[in-house]
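A.B. asks: Quick one: the structure is below, and I'll ask about it shortly.
The values are calculated or read from the model by the stated rules, or taken from the named source; none is laboratory data. Everything numeric in this text was worked out from a predicted model, so none of it was measured. Heavy atoms of the whole protein, side chains included, go into the accessibility calculation; ligands, DNA and RNA do not. Shrake-Rupley method; radii C 1.70, N 1.55, O 1.52, S 1.80 Å.
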Amino acid sequence: MLELAILGNLADGPLHGYELRRRVNRLSGYARPVSEGSLYPAINRLVKRGLLTRHSEPGAGATQRYVLTLTDAGREELLQRLRDPAQVEITDFNRFFAVLAFLSLLPEVKEQHAVLRRRLEFLETPASFFHDENDRSLRAEDVNDPYRRGMMLTARAVTRTECAWIHEILDDDQDLGMPQQSATPQEAQPPR
């Protein structure tokens, strides 16, 4: 997720390191704030692989500020990661949001919709956080613990809302002559 966020944020143009960190933190939100100890090693890896360039320019006083720029290879890497996200980037709630933040960078709507279909397939697969003694999935209505039930009802509501939004986006596929999927989530897939 971190490398995708770095590449995606640089797609619009060069950024100073501190501005990139601020944007990545905004994207990851409260759930996963990015420390310098993880951001700068990730930047160094991307520079070493030729996906970013870094140059310094004068800053306030005698300090140097680093400016990061996405290379052509970096842009191609970003587009490839968006076209074919790793499975964990489809199934993990926060990682998928990083994909979603930059999905419009893909030049073809059919590529964007293919990613949404993968997410929809995951969301519409019945799942449960909890199981009974026979390993059968429990629904929220079957759980007596009010906190677990609340967790499950919240996950169900989020999942249904996301599924409805994805179906709305994919309705445009009719205009493109693409087949539609129409399923309703049976039980909430927990946002992970």
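A.B. asks: Bin width 5 Å, alpha-carbon pairs only: give the P(r) of the chain as whole percents, running from 0 to the bin holding the largest distance.
C.D. replies: Once binned at 5 Å, the Cα pair distances of the chain give 1, 7, 14, 15, 16, 13, 11, 9, 7, 4, 2, 1, 0, 0.
A.B. asks: Return the sequence-ordered ³J(HN,Hα) values of the stretch 41-56 in whole Hz as given by the Karplus equation 6.51 cos²θ - 1.76 cosθ + 1.60 applied to θ = phi - 60°, using x for Gly and Pro.
C.D. replies: x, 5, 4, 4, 4, 5, 5, 4, 7, x, 8, 9, 10, 9, 9, 9
A.B. asks: Nearest 500 deg cm²/dmol is fine: what mean residue ellipticity at 222 nm does the chain get from its DSSP H runs of n ≥ 4 alone, each adding -39,500 (n - 2.57), divided by its residue count? Show your work: numbers first, answer last.
C.D. replies: Working: 9 runs with 105 residues, N = 192.
The per-residue figure over the chain is -17000 deg cm²/dmol.
A.B. asks: How much area per residue is accessible in the chain when the probe is 1.4 Å and only protein heavy atoms are counted (Å²)?
C.D. replies: In whole numbers, the chain has 57 Å² accessible per residue.
A.B. asks: Note the full-extension length gain between Lys110 and Ala157 as 0.36 nm times their separation in residues minus their Cα-Cα distance, in nm to one decimal.
C.D. replies: Values: separation 47, 0.36 × 47 = 16.92 nm, distance 2.75 nm.
Stretched fully, the Lys110-Ala157 segment lengthens by 14.2 nm.
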